[in-house]
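The values are calculated or read from the model by the stated rules, or taken from the named source; none is laboratory data. Please read these numbers as outputs of a predicted model, since none were measured by experiment. Quick reminder, even Gly has a Cβ in these numbers, built from the backbone with ideal geometry, and neighbours come from all protein chains shown. Just so you know, the surface numbers come from the protein's heavy atoms only, side chains and all, with ligands and any DNA or RNA stripped out. Shrake-Rupley method; radii C 1.70, N 1.55, O 1.52, S 1.80 Å.
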Amino acid sequence: MKLFRKKHPTVVHTCNTCGKSFALRFQLKKHQITHQEKSVFCEECGKAFTTRGNLIVHMKGVHQGLRRYPCEICNVSCLEKSGLKVHMMTHTGEKPFSCVVCQKRFARKFDCRKHQQKVHEFFGEPQKHGNAQANIHT
């Protein structure tokens, strides 16, 4: 992947629906599924999903209680390691993403992107900061 980016630094695949950009075409195709109609339903609670894979993650986390990554600070447990990493930001105050329009900081890229679209009608990518700890109070 690093070699690909060195040889093709400007190759970008952009979603026509929301404007989100991806380095690889397969990432765009996977993302575009999120814009499809939700046609897979949980038999236990009725929640709708775009893919069977998302339903399986829901079933494991919500209905089967398979949360293997416990927080060492509080009693929260996460289904995936990445979820625990994001959760830990609530304890550290880390906010590595900022709005490119108003510089408001966010722990999650998704929340920053949603803010940019809703508040500023901006559909570009949020800015990521390497040293997010430096501005945790903003």
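Table for the structure above
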item	result
Any hit, region 123-130, residues being touching a residue at least 12 places away in the same chain (Cβ under 8 Å), farther than 23 Å from residue 13 by Cβ and part of a strand (DSSP E or B)	no
Unmet requirement for residue 113, which otherwise passes all of (1) in a helix (DSSP H, G or I); (2) on the phi > 0 side of the Ramachandran plot; (3) of a type outside the set (A, V, I, L, M)	(2)
Selected residue (only one of 102, 78 is of a type outside the set (Gly, Ala, Ser) and exposed (fewer than 15 other Cβ atoms within 10 Å of the Cβ))	102
Failed item, numbered, when residue 97 is tested on (1) modelled with pLDDT of 90 or more; (2) more than 25 Å from residue 31 (Cβ to Cβ)	(2)
Candidate set from region 91-110 (those that are among the hydrophobic types (A, V, I, L, M, F, W, C) and assigned to a strand (DSSP E or B)); member that is farthest from residue 21 (Cα to Cα)	106
Hits in region 87-131 (condition: aliphatic (A, V, I, L, M) and touching a Lys or Arg at 6+ places or on another chain (Cβ under 6 Å))	107
Residue match in region 38-59 (condition: at pLDDT below 90 and on the phi > 0 side of the Ramachandran plot)	no
Selected residue (only one of 30, 85 is part of a helix (DSSP H, G or I), basic (Lys, Arg) and modelled with pLDDT of 90 or more)	85
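Okay, residues lined up against (1) closer than 28 Å to residue 89 by Cβ; (2) open to solvent by 100 Å² or more (accessible area, probe 1.4 Å):
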| position | (1), (2) |
| --- | --- |
| 33 | yes, no |
| 38 | no, yes |
| 46 | no, no |
| 50 | yes, no |
| 65 | yes, no |
